[in-house]
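Here the structure is laid out as structure tokens; the discussion comes afterwards.
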């Protein structure tokens, strides 16, 4: 893999403008509460306070490098050693965040690069910059020196046997970094690269990876690496999982699969099943489609924005199932929908045992490279966000019960559902639609009608604008479809306040009356 030339490095360093900064500066709610909890603690192996009133501390990247090489952690800028908030000068906050993003992605400052996205918080009227540093599956250095972390702070690692210890620890713990020297660019699914760029661009239009070609993006994201102990170099297991062709993935890890099941009526076997054996980017989309087919939704006002609770919660659950799995373990990942709950389970390289306390836990990535890639795609906010977000929204979604996260040899998640709201969608809907509408209606329109009925099973009373958003067509198209489905769907209520409901005939077909 060729290195970036001088011009490419300079372009990369200067790409992240204030537009990039604006996308990472405002964080509120539970994340702010976590920062306040950190401020009450003393500095330790996972926590570092640094004064930074007008500029980045000179030794900042020593700490970043050390945390990447050890177990990760949190760095708070604008805080003295005792946890007192001094604040960062508001006039330089944007520049400091920009510099941090650029320098973390600059191989001349952090080698190999590990892009970080600091967040800015207002704590008692003063600005604090939070840098969440995950543990990395690679060995990093800054200023050509490797650093490690202990309770006493950061220290240089110069002896060859100590460097070998770090490399061996990571090799044994982070199997996503296993190198496959025979992997070539042609082994990756080429149509995924434009998809990846579109996802990154929609999440952050000024993202520095957008200026790179496919090979350079894979190198700087850590999907290609060199083992400085053995001299071996090439694409990693993480690269194959994220972007590999299906047949390549199956050759490398033939046991890989995600098994999604609905067990409501037939609890011994299943009512519906999705068997996923494709790359992780498309696996996530397939799993979310399965969620949308079978789980109810509620809309919720977050500030002045209306959000889907189903999407907000289960995007985190699906992402965590994928990015924190131990892929060298032959046990399948499972996603099972019951009438009253969803249970997920995946093979795990544990960093603790027992239930996780959402108010007091240290996030720890099981696959740092995969997690970092998903963060760039906008599918994960930051390390630990899944547990925090799910916990915060559970009452609004389920009404009762708590989400449970259990760490161990397998990682298990239990998410309660609104009473009796899980849905079995089988061929009945498709067959009924086909029997009801004219043969001249295209298959595309029929599929859209099936989608409408599935949504009305889960959310009776939806309006034209809701169905338009869910099906991706105009309100005019929705109303035109409804005119063809009068035997199955009816409008109830006043024109401005009413909505669509399934007819008694359709409910009897589904045996839901």
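Which condition breaks for residue 197 when tested against (1) outside any helix (DSSP H, G or I); (2) within 25 Å of the chain's Cα centre (by Cα); (3) more than 23 Å from residue 71 (Cα to Cα)?
Looking at each condition in turn, residue 197 falls short on (1).
Where in segment 46-144 are there strands (runs of 3 or more DSSP E), lying fully within it, with 2 or more residues that are within 24 Å of the chain's Cα centre (by Cα)?
Where strands (runs of 3 or more DSSP E) fall fully within segment 46-144 and carry at least 2 residues being within 24 Å of the chain's Cα centre (by Cα), they are 73-77, 119-123, 126-133.
Return the residues of segment 104-121 that are more than 21 Å from residue 178 (Cβ to Cβ) and in contact (Cβ under 8 Å) with a residue 60 or more places away in the chain; say none if nothing qualifies.
Selection gives 105, 106, 107, 108, 115, 117, 118, 119, 120, 121.
Using the structure shown, decide if residue 51 is surrounded by fewer than 16 Cβ atoms within 10 Å (Cβ to Cβ) and farther than 30 Å from residue 219 by Cα.
Judged against the criteria, residue 51 is a match.
To keep it simple, each residue is scored yes or no on (1) surrounded by fewer than 23 Cβ atoms within 10 Å (Cβ to Cβ); (2) in contact with a strand residue (DSSP E or B) (Cβ under 9 Å, 6 or more places away or on another chain); (3) over 30 Å from residue 104 (Cα atoms).
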residue: 222; (1), (2), (3): no, yes, no
residue: 230; (1), (2), (3): yes, yes, no
residue: 235; (1), (2), (3): no, yes, no
residue: 259; (1), (2), (3): yes, yes, yes
residue: 268; (1), (2), (3): yes, no, yes
residue: 271; (1), (2), (3): yes, yes, yes
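I'd like the residue in segment 440-455 that is out of contact with any helix residue (DSSP H, G or I) (no Cβ under 8 Å at 6 or more places or on another chain) and assigned to a helix (DSSP H, G or I) and, out of all such residues, is surrounded by the most Cβ atoms within 10 Å (Cβ to Cβ).
Checking each candidate, the answer is 447.
Could you please let me know if residue 313 is under 19 Å from the mean Cα position of the chain (by Cα), part of a helix (DSSP H, G or I) and more than 13 Å from residue 336 (Cβ to Cβ)?
yes
Among the residues of segment 305-318, how many are farther than 15 Å from residue 292 by Cα and either at pLDDT 90 or above or crowded, with 21+ Cβ neighbours inside 10 Å (or both)?
Within segment 305-318, residues that are farther than 15 Å from residue 292 by Cα and either at pLDDT 90 or above or crowded, with 21+ Cβ neighbours inside 10 Å (or both) number 0.
Looking at the structure I just gave you, is residue 153 crowded, with 16+ Cβ neighbours inside 10 Å, closer than 22 Å to residue 110 by Cβ and either modelled with pLDDT under 95 or out of contact with any helix residue (DSSP H, G or I) (no Cβ under 9 Å at 6 or more places or on another chain) (or both)?
No.
Return the only residue of 364, 411, 405 being in contact (Cβ under 8 Å) with a residue 60 or more places away in the chain, outside any loop (DSSP other than H, G, I, E, B) and closer than 18 Å to residue 325 by Cα.
411
Is it the case, given these coordinates, that residue 306 is in a helix (DSSP H, G or I) and farther than 25 Å from residue 251 by Cβ?
Taking the combined requirement at face value, the residue does not satisfy it.
Would you point out the residue of segment 330-347, among those that are more than 15 Å from residue 414 (Cβ to Cβ) and not in a strand (DSSP E or B), that is nearest to the chain's Cα centre (by Cα)?
Looking at residues that are more than 15 Å from residue 414 (Cβ to Cβ) and not in a strand (DSSP E or B), I get 332.
Got a sec? Which of 358, 296 is more than 18 Å from residue 412 (Cα to Cα), modelled with pLDDT of 80 or more and assigned to a loop (DSSP other than H, G, I, E, B)?
None of the others qualify; the one that does is 296.
Identify the residue in segment 179-194 that is touching a residue at least 60 places away in the same chain (Cβ under 8 Å) and outside any strand (DSSP E or B) and, among all such residues, is nearest to the chain's Cα centre (by Cα).
Among those that are touching a residue at least 60 places away in the same chain (Cβ under 8 Å) and outside any strand (DSSP E or B), it is 192.
Quick check on my filter: what residues within segment 488-513 are under 17 Å from residue 448 (Cβ atoms) and free of Cβ contacts under 8 Å to residues at least 60 places away in the same chain?
488, 489, 500, 502
Could you tell me whether residue 177 is on the phi > 0 side of the Ramachandran plot, surrounded by 11 or more Cβ atoms within 10 Å (Cβ to Cβ) and at pLDDT below 95?
No: the conditions fail for residue 177.
The values are calculated or read from the model by the stated rules, or taken from the named source; none is laboratory data. Because the structure is predicted, anything quoted here is derived from the model rather than measured. Quick reminder, even Gly has a Cβ in these numbers, built from the backbone with ideal geometry, and neighbours come from all protein chains shown.
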